[in-house]
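Report on the structure given below.
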């Protein structure tokens, strides 16, 4: 029984790995279940058996990756932090600390294939998956600027903040290649963190000056 369970998990992981690569390279419509099973080295019936179909496999892969992000951050940040008990300066420091750890995840944990997949999946059938990280960041940002998390200003501020972090990794032609490098090293990540911190501190400082 235990061996059967391990074999099933092994098969699922092989399918996940193959789907991640092919969906990232060819997109959802450009990838067939036959392609995935061939790359995974499993019987073509295994996708139906384990997931139900190609769409369900995509959904499961997105959930798996979101859960991986959430687990990483949950082990390093207290999502139950009482923001109402913090001063404005403490909230800003907490946000910067949170994003500092997210940068470590973004640049030290996920592969190029994960990045390709994320870029592709944005243009595929919409995934109705809640991101604990996004929701919490919206909550922190809203608390700092004293607006509702669904307010457009909050959403755009968060969008621009995450762009500062993700842009170098999402568009490598404008980052390591322009520096005649293939990958980001410790110094590069430190510069990204420094610029994120500077961007947020300047942005929030301007808010105070406007009042």
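Below, the figures for the structure above:
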{"item": "Yes/no for residue 65 being more than 30 Å from residue 205 (Cα to Cα), under 15 Å from the mean Cα position of the chain (by Cα) and buried (at least 17 other Cβ atoms within 10 Å of the Cβ)", "result": "yes"}
{"item": "Some residue of segment 72-86 being under 19 Å from residue 20 (Cβ atoms) and surrounded by 13 or more Cβ atoms within 10 Å (Cβ to Cβ)", "result": "yes"}
{"item": "Test: residue 38 is outside the structural domain of residue 193 (by TED's automatic domain parsing), over 24 Å from residue 171 (Cα atoms) and not in a loop (DSSP other than H, G, I, E, B)", "result": "yes"}
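The values are calculated or read from the model by the stated rules, or taken from the named source; none is laboratory data. From a predicted model like this one, the values you see are computed outputs, not experimental measurements. Every residue, glycine as well, gets a Cβ built from its backbone with ideal geometry; the counts of neighbours run over all protein chains shown.
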